[in-house]
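A quick write-up on the structure given underneath.
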Amino acid sequence: MTNLFNLKKVLVVGLGISGKNIGNFLEKNNVKVQYFDDKLTPDLEIDWNIDGVYLSPGIPWSIYKNSWIAKECAKRFLRIINDFDLLQAWKFNSKFIGVTGTSGKTTTVNMISHILKQNNIKHCFAGNSSSNDIFEDADIYLLEISSLQLSRIQFLSFDIGVFTNLGIDHIDNHGFYENYAGSKQKFFNNLRFVDSNKEQIFFVGSGVNARKNIKEKVELLDDELPNNLNFKKKHNKLNLEMAISVCLELRVSKKDCLEAAESFKFIEFRQNEKKIKDKIIVNDSKCTNLISLEAAFRNYDDFIWIAGGVWKNTNDASFSIEENFKKFDESLFKKIKKCLFFGRDGKKFQEYFNKKNIESQYFENLEDVVKMSIKDDKYSVILFAPVCASFDQFSGYAERGDYFNALVEKFLN
(Lines give C-alpha, C1' and ligand atoms only; values in the text may rest on other atoms or scores of the structure.)
Protein backbone atom coordinates (compact mmCIF):
# COMPACT_ATOMS: atom_id res chain seq x y z
CA MET A 1 0.00 0.00 0.00
CA THR A 2 2.67 2.51 0.97
CA ASN A 3 4.59 1.80 -2.25
CA LEU A 4 1.53 2.50 -4.38
CA PHE A 5 0.57 5.73 -2.61
CA ASN A 6 3.96 6.73 -1.20
CA LEU A 7 2.37 7.92 2.04
CA LYS A 8 4.53 8.67 5.06
CA LYS A 9 2.48 11.30 6.91
CA VAL A 10 -1.28 11.88 6.63
CA LEU A 11 -3.78 14.29 8.21
CA VAL A 12 -7.14 12.70 9.05
CA VAL A 13 -9.94 15.29 9.22
CA GLY A 14 -12.96 14.08 11.20
CA LEU A 15 -12.87 11.60 14.06
CA GLY A 16 -15.95 9.58 13.26
CA ILE A 17 -15.93 5.83 12.59
CA SER A 18 -14.40 6.19 9.12
CA GLY A 19 -11.69 8.56 10.31
CA LYS A 20 -10.66 6.25 13.14
CA ASN A 21 -10.69 3.18 10.88
CA ILE A 22 -8.47 4.67 8.20
CA GLY A 23 -6.17 6.12 10.88
CA ASN A 24 -5.71 2.68 12.43
CA PHE A 25 -5.05 1.14 9.02
CA LEU A 26 -2.46 3.75 8.09
CA GLU A 27 -0.67 3.43 11.42
CA LYS A 28 -0.49 -0.35 11.00
CA ASN A 29 1.19 0.31 7.65
CA ASN A 30 3.81 2.57 9.25
CA VAL A 31 2.22 5.87 8.21
CA LYS A 32 2.34 8.69 10.75
CA VAL A 33 -1.15 10.10 11.35
CA GLN A 34 -2.38 13.40 12.74
CA TYR A 35 -6.05 13.65 13.72
CA PHE A 36 -8.03 16.88 13.46
CA ASP A 37 -11.65 17.32 14.50
CA ASP A 38 -13.08 20.81 15.05
CA LYS A 39 -15.03 19.54 18.07
CA LEU A 40 -12.61 17.03 19.60
CA THR A 41 -9.19 18.49 18.73
CA PRO A 42 -9.86 22.13 17.79
CA ASP A 43 -6.53 23.38 19.16
CA LEU A 44 -4.30 20.90 17.32
CA GLU A 45 -1.24 22.54 15.78
CA ILE A 46 -1.04 20.79 12.44
CA ASP A 47 2.33 19.81 11.04
CA TRP A 48 1.83 20.50 7.33
CA ASN A 49 4.81 18.42 6.29
CA ILE A 50 2.42 15.69 5.10
CA ASP A 51 1.68 13.68 1.94
CA GLY A 52 -2.10 13.79 1.92
CA VAL A 53 -5.37 14.52 3.72
CA TYR A 54 -8.21 12.13 4.47
CA LEU A 55 -11.60 13.87 4.65
CA SER A 56 -14.29 11.93 6.54
CA PRO A 57 -17.34 11.22 4.33
CA GLY A 58 -19.67 12.94 6.80
CA ILE A 59 -18.09 16.30 5.94
CA PRO A 60 -19.84 17.72 2.85
CA TRP A 61 -17.55 19.07 0.15
CA SER A 62 -19.66 22.26 0.09
CA ILE A 63 -18.54 22.96 3.67
CA TYR A 64 -14.98 21.67 3.38
CA LYS A 65 -14.08 23.64 0.22
CA ASN A 66 -14.55 26.97 2.04
CA SER A 67 -12.75 25.90 5.22
CA TRP A 68 -9.33 27.08 6.34
CA ILE A 69 -8.02 23.51 6.08
CA ALA A 70 -9.03 23.36 2.40
CA LYS A 71 -7.17 26.61 1.73
CA GLU A 72 -4.05 25.28 3.46
CA CYS A 73 -4.21 22.05 1.44
CA ALA A 74 -4.66 23.94 -1.83
CA LYS A 75 -1.76 26.23 -1.01
CA ARG A 76 0.47 23.18 -0.49
CA PHE A 77 -0.96 21.14 -3.40
CA LEU A 78 -1.90 18.33 -1.00
CA ARG A 79 -4.03 15.52 -2.39
CA ILE A 80 -7.24 14.23 -0.83
CA ILE A 81 -7.00 10.48 -0.24
CA ASN A 82 -9.90 8.12 0.46
CA ASP A 83 -10.35 4.77 2.14
CA PHE A 84 -11.84 2.97 -0.88
CA ASP A 85 -8.83 3.63 -3.09
CA LEU A 86 -6.46 2.59 -0.30
CA LEU A 87 -8.46 -0.58 0.30
CA GLN A 88 -8.31 -1.70 -3.32
CA ALA A 89 -4.59 -0.92 -3.55
CA TRP A 90 -4.09 -3.12 -0.48
CA LYS A 91 -6.39 -5.95 -1.59
CA PHE A 92 -6.31 -5.63 -5.37
CA ASN A 93 -6.78 -9.36 -5.98
CA SER A 94 -9.95 -9.55 -3.91
CA LYS A 95 -13.38 -9.31 -5.51
CA PHE A 96 -15.08 -5.91 -5.25
CA ILE A 97 -18.85 -5.50 -5.37
CA GLY A 98 -20.22 -1.94 -5.34
CA VAL A 99 -23.79 -0.76 -4.75
CA THR A 100 -24.94 2.82 -5.32
CA GLY A 101 -28.07 4.71 -6.38
CA THR A 102 -30.35 7.53 -5.31
CA SER A 103 -32.67 5.17 -3.47
CA GLY A 104 -32.71 1.49 -2.53
CA LYS A 105 -28.95 0.99 -2.19
CA THR A 106 -29.04 0.32 1.57
CA THR A 107 -31.80 -2.28 1.28
CA THR A 108 -30.16 -3.92 -1.73
CA VAL A 109 -26.68 -4.15 -0.19
CA ASN A 110 -28.15 -5.56 3.04
CA MET A 111 -30.06 -8.17 1.03
CA ILE A 112 -26.85 -9.20 -0.76
CA SER A 113 -24.96 -9.47 2.53
CA HIS A 114 -27.76 -11.50 4.14
CA ILE A 115 -27.91 -13.98 1.24
CA LEU A 116 -24.14 -14.42 1.31
CA LYS A 117 -24.11 -14.97 5.08
CA GLN A 118 -26.92 -17.52 4.87
CA ASN A 119 -24.90 -19.39 2.26
CA ASN A 120 -21.66 -19.25 4.30
CA ILE A 121 -19.83 -16.95 1.88
CA LYS A 122 -17.43 -14.82 3.89
CA HIS A 123 -17.22 -11.16 2.91
CA CYS A 124 -16.59 -7.70 4.30
CA PHE A 125 -19.71 -5.50 4.13
CA ALA A 126 -18.80 -1.85 4.64
CA GLY A 127 -19.38 1.66 3.34
CA ASN A 128 -22.10 4.28 3.51
CA SER A 129 -24.64 2.91 6.01
CA SER A 130 -22.37 0.35 7.68
CA SER A 131 -20.25 0.91 10.77
CA ASN A 132 -18.03 -2.08 9.90
CA ASP A 133 -14.31 -1.55 9.43
CA ILE A 134 -13.65 -1.34 5.69
CA PHE A 135 -10.07 -2.56 6.25
CA GLU A 136 -11.05 -6.04 7.41
CA ASP A 137 -8.98 -8.65 5.56
CA ALA A 138 -11.31 -10.39 3.08
CA ASP A 139 -11.53 -12.02 -0.32
CA ILE A 140 -14.86 -10.34 -1.14
CA TYR A 141 -15.68 -6.69 -0.40
CA LEU A 142 -19.31 -5.59 -0.57
CA LEU A 143 -19.35 -1.79 -0.52
CA GLU A 144 -22.29 0.61 -0.33
CA ILE A 145 -21.17 3.92 -1.80
CA SER A 146 -22.86 7.31 -1.59
CA SER A 147 -22.52 10.19 -4.06
CA LEU A 148 -20.24 12.03 -1.63
CA GLN A 149 -17.94 9.02 -1.41
CA LEU A 150 -17.98 8.54 -5.18
CA SER A 151 -17.07 12.19 -5.76
CA ARG A 152 -13.77 11.62 -3.89
CA ILE A 153 -12.83 8.29 -5.49
CA GLN A 154 -10.02 8.27 -8.06
CA PHE A 155 -9.14 4.62 -8.69
CA LEU A 156 -11.76 2.28 -7.17
CA SER A 157 -13.40 -0.07 -9.66
CA PHE A 158 -15.68 -3.07 -9.36
CA ASP A 159 -15.91 -6.66 -10.48
CA ILE A 160 -19.70 -6.41 -10.02
CA GLY A 161 -21.68 -3.20 -9.67
CA VAL A 162 -25.31 -2.39 -8.85
CA PHE A 163 -26.71 1.06 -9.67
CA THR A 164 -30.27 0.93 -8.34
CA ASN A 165 -31.62 4.15 -9.92
CA LEU A 166 -30.78 7.81 -10.51
CA GLY A 167 -32.92 10.76 -9.50
CA ILE A 168 -32.44 14.18 -7.94
CA ASP A 169 -30.78 14.30 -4.52
CA HIS A 170 -28.06 15.97 -2.43
CA ILE A 171 -28.06 19.24 -4.39
CA ASP A 172 -27.26 20.90 -1.06
CA ASN A 173 -23.88 19.13 -1.10
CA HIS A 174 -23.12 19.00 -4.82
CA GLY A 175 -24.42 22.44 -5.84
CA PHE A 176 -26.02 21.34 -9.11
CA TYR A 177 -27.78 18.24 -10.39
CA GLU A 178 -25.06 17.78 -13.02
CA ASN A 179 -22.46 17.52 -10.23
CA TYR A 180 -24.56 14.96 -8.36
CA ALA A 181 -25.21 12.87 -11.47
CA GLY A 182 -21.55 13.20 -12.46
CA SER A 183 -20.38 11.83 -9.13
CA LYS A 184 -22.69 8.87 -9.54
CA GLN A 185 -21.48 8.21 -13.08
CA LYS A 186 -17.94 7.78 -11.68
CA PHE A 187 -19.26 4.38 -10.60
CA PHE A 188 -18.61 3.17 -14.17
CA ASN A 189 -15.47 5.11 -14.99
CA ASN A 190 -12.55 3.02 -13.77
CA LEU A 191 -11.47 -0.11 -15.62
CA ARG A 192 -11.10 -3.08 -13.28
CA PHE A 193 -9.36 -5.50 -15.63
CA VAL A 194 -6.53 -5.11 -18.10
CA ASP A 195 -6.98 -8.80 -18.96
CA SER A 196 -9.46 -8.86 -21.87
CA ASN A 197 -10.71 -12.29 -20.82
CA LYS A 198 -12.41 -10.74 -17.78
CA GLU A 199 -15.21 -8.20 -17.75
CA GLN A 200 -16.82 -5.98 -15.21
CA ILE A 201 -20.54 -6.65 -14.78
CA PHE A 202 -23.13 -3.97 -13.96
CA PHE A 203 -26.82 -4.25 -13.10
CA VAL A 204 -28.67 -0.94 -13.46
CA GLY A 205 -32.10 0.48 -12.71
CA SER A 206 -34.22 3.41 -13.87
CA GLY A 207 -32.64 6.69 -14.94
CA VAL A 208 -29.10 5.26 -15.18
CA ASN A 209 -27.11 6.02 -18.32
CA ALA A 210 -24.52 3.25 -18.58
CA ARG A 211 -22.52 2.58 -21.69
CA LYS A 212 -21.07 -0.92 -21.42
CA ASN A 213 -20.89 -4.23 -19.53
CA ILE A 214 -24.58 -4.12 -18.59
CA LYS A 215 -26.20 -7.44 -17.78
CA GLU A 216 -29.93 -8.04 -17.46
CA LYS A 217 -31.02 -8.64 -13.90
CA VAL A 218 -33.04 -11.63 -12.76
CA GLU A 219 -36.83 -11.30 -13.18
CA LEU A 220 -38.92 -12.88 -10.42
CA LEU A 221 -42.52 -13.99 -10.77
CA ASP A 222 -44.85 -12.86 -8.00
CA ASP A 223 -45.40 -16.44 -6.82
CA GLU A 224 -41.61 -16.87 -6.42
CA LEU A 225 -41.31 -14.04 -3.91
CA PRO A 226 -40.67 -14.76 -0.21
CA ASN A 227 -43.66 -14.81 2.12
CA ASN A 228 -42.89 -11.45 3.74
CA LEU A 229 -45.44 -9.01 2.30
CA ASN A 230 -42.77 -6.32 2.00
CA PHE A 231 -41.43 -8.18 -1.03
CA LYS A 232 -44.75 -7.61 -2.80
CA LYS A 233 -43.97 -3.89 -2.93
CA LYS A 234 -42.55 -3.08 -6.34
CA HIS A 235 -39.39 -1.35 -5.12
CA ASN A 236 -38.49 -4.22 -2.77
CA LYS A 237 -39.08 -6.76 -5.52
CA LEU A 238 -36.63 -4.80 -7.69
CA ASN A 239 -34.12 -4.65 -4.82
CA LEU A 240 -34.35 -8.41 -4.36
CA GLU A 241 -33.91 -9.03 -8.09
CA MET A 242 -30.74 -6.92 -8.05
CA ALA A 243 -29.44 -8.75 -4.96
CA ILE A 244 -30.08 -12.19 -6.44
CA SER A 245 -28.44 -11.13 -9.72
CA VAL A 246 -25.24 -10.32 -7.82
CA CYS A 247 -25.32 -13.52 -5.79
CA LEU A 248 -25.77 -15.65 -8.91
CA GLU A 249 -22.47 -14.20 -10.15
CA LEU A 250 -20.95 -15.50 -6.91
CA ARG A 251 -22.33 -18.99 -7.66
CA VAL A 252 -25.21 -18.97 -5.22
CA SER A 253 -28.19 -20.68 -6.83
CA LYS A 254 -31.49 -18.88 -7.32
CA LYS A 255 -33.16 -21.43 -5.04
CA ASP A 256 -30.65 -20.78 -2.25
CA CYS A 257 -31.02 -17.02 -2.70
CA LEU A 258 -34.81 -17.19 -2.32
CA GLU A 259 -34.54 -19.47 0.71
CA ALA A 260 -32.13 -17.01 2.35
CA ALA A 261 -34.41 -14.07 1.56
CA GLU A 262 -37.19 -15.66 3.64
CA SER A 263 -35.31 -14.67 6.82
CA PHE A 264 -34.29 -11.19 5.64
CA LYS A 265 -35.24 -8.41 8.05
CA PHE A 266 -36.02 -5.16 6.32
CA ILE A 267 -34.14 -2.10 7.48
CA GLU A 268 -35.80 0.12 10.03
CA PHE A 269 -37.78 3.21 8.99
CA ARG A 270 -38.21 2.13 5.37
CA GLN A 271 -42.00 1.85 4.97
CA ASN A 272 -42.35 0.04 8.31
CA GLU A 273 -46.06 -0.66 8.58
CA LYS A 274 -48.00 -1.14 11.78
CA LYS A 275 -51.73 -1.47 12.48
CA ILE A 276 -52.78 0.18 15.73
CA LYS A 277 -56.49 0.15 16.56
CA ASP A 278 -58.22 1.42 13.41
CA LYS A 279 -55.14 3.14 11.96
CA ILE A 280 -52.47 1.90 9.55
CA ILE A 281 -49.27 3.75 10.44
CA VAL A 282 -46.42 3.77 7.90
CA ASN A 283 -43.05 4.98 9.19
CA ASP A 284 -40.82 5.82 6.21
CA SER A 285 -38.47 8.20 8.02
CA LYS A 286 -35.63 7.10 5.71
CA CYS A 287 -37.51 8.66 2.78
CA THR A 288 -35.38 11.70 1.93
CA ASN A 289 -35.79 12.02 -1.85
CA LEU A 290 -38.46 11.88 -4.54
CA ILE A 291 -37.66 8.36 -5.79
CA SER A 292 -38.33 7.01 -2.29
CA LEU A 293 -41.46 9.14 -2.01
CA GLU A 294 -42.84 7.86 -5.31
CA ALA A 295 -42.27 4.28 -4.15
CA ALA A 296 -44.21 4.99 -0.95
CA PHE A 297 -47.09 6.68 -2.78
CA ARG A 298 -47.46 3.68 -5.11
CA ASN A 299 -47.98 1.32 -2.17
CA TYR A 300 -50.80 3.13 -0.35
CA ASP A 301 -54.15 4.78 -1.10
CA ASP A 302 -56.27 7.49 0.51
CA PHE A 303 -53.71 8.57 3.08
CA ILE A 304 -52.74 11.50 5.25
CA TRP A 305 -49.21 12.42 4.22
CA ILE A 306 -46.77 13.80 6.81
CA ALA A 307 -43.58 15.42 5.48
CA GLY A 308 -41.03 18.12 6.18
CA GLY A 309 -37.59 18.96 7.45
CA VAL A 310 -34.65 20.24 5.42
CA TRP A 311 -35.22 20.06 1.67
CA LYS A 312 -31.91 18.86 0.25
CA ASN A 313 -32.23 20.28 -3.25
CA THR A 314 -32.17 24.02 -2.68
CA ASN A 315 -28.63 25.18 -3.55
CA ASP A 316 -29.37 25.11 -7.26
CA ALA A 317 -32.00 27.76 -7.94
CA SER A 318 -33.19 25.88 -11.04
CA PHE A 319 -34.25 22.98 -8.80
CA SER A 320 -36.94 24.48 -6.62
CA ILE A 321 -39.55 22.22 -5.04
CA GLU A 322 -41.82 23.00 -7.98
CA GLU A 323 -39.12 22.08 -10.51
CA ASN A 324 -38.31 18.86 -8.65
CA PHE A 325 -41.93 17.71 -8.61
CA LYS A 326 -42.19 18.21 -12.38
CA LYS A 327 -40.24 14.95 -12.63
CA PHE A 328 -42.66 13.23 -10.22
CA ASP A 329 -45.63 11.13 -11.34
CA GLU A 330 -48.35 13.62 -10.43
CA SER A 331 -51.07 11.05 -11.05
CA LEU A 332 -50.11 9.75 -7.59
CA PHE A 333 -51.25 13.03 -5.98
CA LYS A 334 -54.85 11.85 -6.16
CA LYS A 335 -54.00 9.32 -3.45
CA ILE A 336 -53.26 12.12 -0.96
CA LYS A 337 -56.30 13.13 1.09
CA LYS A 338 -54.51 15.62 3.32
CA CYS A 339 -50.97 16.97 3.71
CA LEU A 340 -49.48 17.84 7.08
CA PHE A 341 -46.09 19.55 6.88
CA PHE A 342 -43.57 20.54 9.54
CA GLY A 343 -40.02 21.73 10.01
CA ARG A 344 -37.76 24.26 8.34
CA ASP A 345 -39.00 23.87 4.77
CA GLY A 346 -42.53 22.65 5.50
CA LYS A 347 -44.11 25.94 4.45
CA LYS A 348 -42.60 25.60 0.97
CA PHE A 349 -44.36 22.25 0.60
CA GLN A 350 -47.60 23.69 1.93
CA GLU A 351 -47.50 26.49 -0.66
CA TYR A 352 -46.80 24.06 -3.48
CA PHE A 353 -49.56 21.57 -2.60
CA ASN A 354 -52.11 24.30 -1.92
CA LYS A 355 -51.54 25.34 -5.54
CA LYS A 356 -52.37 21.74 -6.48
CA ASN A 357 -55.68 22.10 -4.58
CA ILE A 358 -54.70 19.45 -2.03
CA GLU A 359 -55.62 20.27 1.55
CA SER A 360 -52.39 21.22 3.31
CA GLN A 361 -51.48 22.48 6.77
CA TYR A 362 -48.20 23.55 8.33
CA PHE A 363 -46.98 22.99 11.90
CA GLU A 364 -43.64 23.94 13.42
CA ASN A 365 -42.97 20.55 14.98
CA LEU A 366 -43.67 16.87 14.41
CA GLU A 367 -45.60 16.40 17.66
CA ASP A 368 -48.39 18.75 16.57
CA VAL A 369 -48.52 17.06 13.16
CA VAL A 370 -48.89 13.55 14.59
CA LYS A 371 -51.50 14.72 17.07
CA MET A 372 -53.56 16.23 14.26
CA SER A 373 -53.24 13.11 12.04
CA ILE A 374 -54.33 10.77 14.84
CA LYS A 375 -57.38 12.93 15.60
CA ASP A 376 -58.56 12.66 12.00
CA ASP A 377 -61.28 9.98 11.90
CA LYS A 378 -61.93 10.29 8.18
CA TYR A 379 -58.80 8.52 6.89
CA SER A 380 -57.18 5.43 8.37
CA VAL A 381 -53.76 5.45 6.64
CA ILE A 382 -51.06 7.79 7.95
CA LEU A 383 -47.94 7.90 5.75
CA PHE A 384 -44.88 9.44 7.38
CA ALA A 385 -42.54 9.97 4.41
CA PRO A 386 -40.65 13.21 5.12
CA VAL A 387 -38.84 13.47 1.73
CA CYS A 388 -36.41 15.79 3.55
CA ALA A 389 -33.30 15.54 5.67
CA SER A 390 -33.90 15.66 9.42
CA PHE A 391 -31.13 17.93 10.66
CA ASP A 392 -33.31 20.91 11.55
CA GLN A 393 -34.79 19.04 14.53
CA PHE A 394 -33.08 15.62 14.77
CA SER A 395 -29.64 14.03 14.61
CA GLY A 396 -30.70 11.78 11.72
CA TYR A 397 -33.54 9.83 10.15
CA ALA A 398 -33.32 7.12 12.85
CA GLU A 399 -33.92 9.53 15.74
CA ARG A 400 -36.74 11.10 13.74
CA GLY A 401 -38.28 7.68 13.11
CA ASP A 402 -38.05 6.68 16.78
CA TYR A 403 -39.65 9.96 17.81
CA PHE A 404 -42.51 9.49 15.33
CA ASN A 405 -43.19 6.00 16.75
CA ALA A 406 -43.19 7.37 20.29
CA LEU A 407 -45.67 10.08 19.33
CA VAL A 408 -47.99 7.59 17.66
CA GLU A 409 -47.99 5.47 20.82
CA LYS A 410 -48.60 8.56 22.94
CA PHE A 411 -51.63 9.79 20.99
CA LEU A 412 -53.18 6.41 20.17
CA ASN A 413 -53.07 4.94 23.68
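Per-structure values
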{"read-out": "Qualifying residue in the range 62-79 (condition: farther than 29 Å from SER245 by Cα and touching a His at 6+ places or on another chain (Cβ under 9 Å))", "value": "yes"}
{"read-out": "Matching option when the condition is more than 24 Å from the chain's Cα centre (by Cα) and surrounded by 19 or more Cβ atoms within 10 Å (Cβ to Cβ), among PHE349, PHE342, PHE353", "value": "PHE353"}
{"read-out": "The range 1-45: number of residues that are farther than 16 Å from ILE80 by Cα and among the β-branched types (Val, Ile, Thr)", "value": "2"}
{"read-out": "Long-range neighbours under 8 Å by Cβ, at least six apart or interchain, first residue at positive phi within the range 17-38, second part of a helix (DSSP H, G or I)", "value": "ASN30/THR2"}
{"read-out": "Test: ASP85 is over 21 Å from ASP137 (Cβ atoms) and either assigned by TED's automatic domain parsing to the domain that holds LEU156 or acidic (Asp, Glu) (or both)", "value": "no"}
{"read-out": "Condition check for LYS75: basic (Lys, Arg), modelled with pLDDT under 90 and loosely packed, with under 15 Cβ neighbours inside 10 Å", "value": "no"}
{"read-out": "Any hit, the range 106-124, residues being in contact (Cβ under 8 Å) with a residue 12 or more places away in the chain, assigned by TED's automatic domain parsing to the domain that holds LEU250 and farther than 22 Å from ASP256 by Cα", "value": "no"}
{"read-out": "Where HIS114 falls short, out of the listed (1) at pLDDT 90 or above; (2) buried (at least 21 other Cβ atoms within 10 Å of the Cβ); (3) touching a Ser or Thr at 6+ places or on another chain (Cβ under 8 Å); (4) not β-branched (Val, Ile, Thr)", "value": "(2)"}
{"read-out": "Residue, surrounded by the most Cβ atoms within 10 Å (Cβ to Cβ), within the range 180-239, restricted to residues that are modelled with pLDDT of 85 or more, touching a Gly at 6+ places or on another chain (Cβ under 8 Å) and not aliphatic (A, V, I, L, M)", "value": "ASN239"}
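Matching residues to (1) surrounded by fewer than 17 Cβ atoms within 10 Å (Cβ to Cβ); (2) over 27 Å from GLU399 (Cβ atoms):
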| position | (1), (2) |
| --- | --- |
| LYS274 | yes, no |
| LEU290 | no, no |
| LEU293 | no, no |
| ASN299 | no, no |
| TRP305 | no, no |
| SER320 | yes, yes |
| ASP329 | yes, yes |
| LYS334 | yes, yes |
| LYS337 | yes, yes |
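The values are calculated or read from the model by the stated rules, or taken from the named source; none is laboratory data. Since this is a predicted model, take the numbers as computed values, not measurements. FYI the Cβ positions are ideal-geometry reconstructions off the backbone, even for glycines, and counts take in every protein chain you see.
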